[in-house]
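A.B. asks: Pasting a structure here, questions to come.
The values are calculated or read from the model by the stated rules, or taken from the named source; none is laboratory data. Computed from a prediction, not measured in an experiment: that's the story for all the values here. Here the Cβ positions follow ideal geometry from the backbone for every residue, glycine too, while neighbour counts run over all protein chains shown.
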Amino acid sequence: MEDLNNYATNLPDFETQLMAVGGGKIIDYVKVIASIAKRDYIAIPTNASHDGFSSPYINFLLREKIKREGKTGYFPSYIPTSPLAIIGDTKLVSQASEASISAGVGDVLSKWVAIRDWRLANRLKGEKFDIYAATFAEMTATLVSDRVSSLGQGFISEKGARDLLKALASSGVAMCIAGSSRPASGSEHLVSHALDKVAEKERLNIAHGHKTGLVSILMMYLHGGDWQRIPNVLERVKAPLTLKDLKLDRDIFLNAVNVAQKIRPNRYTILSEGITKSALINALEITGID
Ligand SMILES: [Zn+2]
């Protein structure tokens, strides 16, 4: 964190353009530097594993860290900053690992759940809902799902990478229209964040999109929606479909679902009113993610 602050405060005076070339971590660091230095940046993702390259927001754990350091007065708070431009090299991205592509698909499909949660918050809590942002986000999931269905394993190709990059970039646009991460992040992301906290302690290394994709199956079931279509798509790109695939202990997962809403109490989701352990176990068994 100290390095990021030093780097940002020692940038040359002239209009330096910041370029973020790499995966999610590098892009997040450049976002933080851009926020401190009040500069624009261009995102050049080298994989399509999640929508971080198009989102103005940064990784949950990094945000928490900045908040903690901000309290000591050392680190300025992060101001969400969208990239000035995104350059997606489809060839390069298609050559990234298959796991990165399947993770990207998982993160895109999670928008179906995020919008369900948003609609629920609108109906039950009167939260402001933006139909343009919501439709846009849902469309990205539907388009990728259609493409995966027609291309199957062929989706892991330059053609698939192009579709995935476009969908992930559109997710960032949906967040900009909404002025928040609502269209891209609901209960499935809260559980993923809870797992990130556990992962930090247990040193688990699970791709963000693999977590959000898998948890989306469960959350869609809890919403009473068409949850089967999520594993159907994930299976075609060889994404993890069970806790075992993720090498995730069942109790750790149950605990993460339990504490997920506490991470962000104001973001109303299907988990806000609580869920009993027996109902949760039942849902795990019915959806087959156990
Ligand atoms: Zn995500």
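A.B. asks: Of the conditions (1) away from the ligand (no atom under 16 Å from the Cβ); (2) buried (at least 18 other Cβ atoms within 10 Å of the Cβ); (3) of a type in the set (Gly, Ala, Ser); (4) in a loop (DSSP other than H, G, I, E, B), residue 283 satisfies every one except a single condition; which number is it?
C.D. replies: It fails just one condition, (4).
A.B. asks: For residues that are surrounded by fewer than 24 Cβ atoms within 10 Å (Cβ to Cβ), small (Gly, Ala, Ser) and in contact (Cβ under 8 Å) with a residue 60 or more places away in the chain, tally how many sit in the stretch 207-231.
C.D. replies: Summing the residues that are surrounded by fewer than 24 Cβ atoms within 10 Å (Cβ to Cβ), small (Gly, Ala, Ser) and in contact (Cβ under 8 Å) with a residue 60 or more places away in the chain in the stretch 207-231 gives 2.
A.B. asks: May I ask you to say which residue of 230, 252 is in a helix (DSSP H, G or I) and either within 16 Å of the ligand (Cβ to nearest atom) or of a type in the set (Gly, Ala, Ser) (or both)?
C.D. replies: 230
A.B. asks: Could you say which residue among 55, 77 is surrounded by fewer than 20 Cβ atoms within 10 Å (Cβ to Cβ), in contact with a Gly (Cβ under 8 Å, 6 or more places away or on another chain) and not assigned by TED's automatic domain parsing to the domain that holds residue 208?
C.D. replies: Going through 55, 77 in turn, just one is surrounded by fewer than 20 Cβ atoms within 10 Å (Cβ to Cβ), in contact with a Gly (Cβ under 8 Å, 6 or more places away or on another chain) and not assigned by TED's automatic domain parsing to the domain that holds residue 208: 77.
A.B. asks: Being in contact with a Ser or Thr (Cβ under 7 Å, 6 or more places away or on another chain) and within 16 Å of the ligand (Cβ to nearest atom) is true for just one of 94, 54, 35, 82. Which residue is that?
C.D. replies: 54
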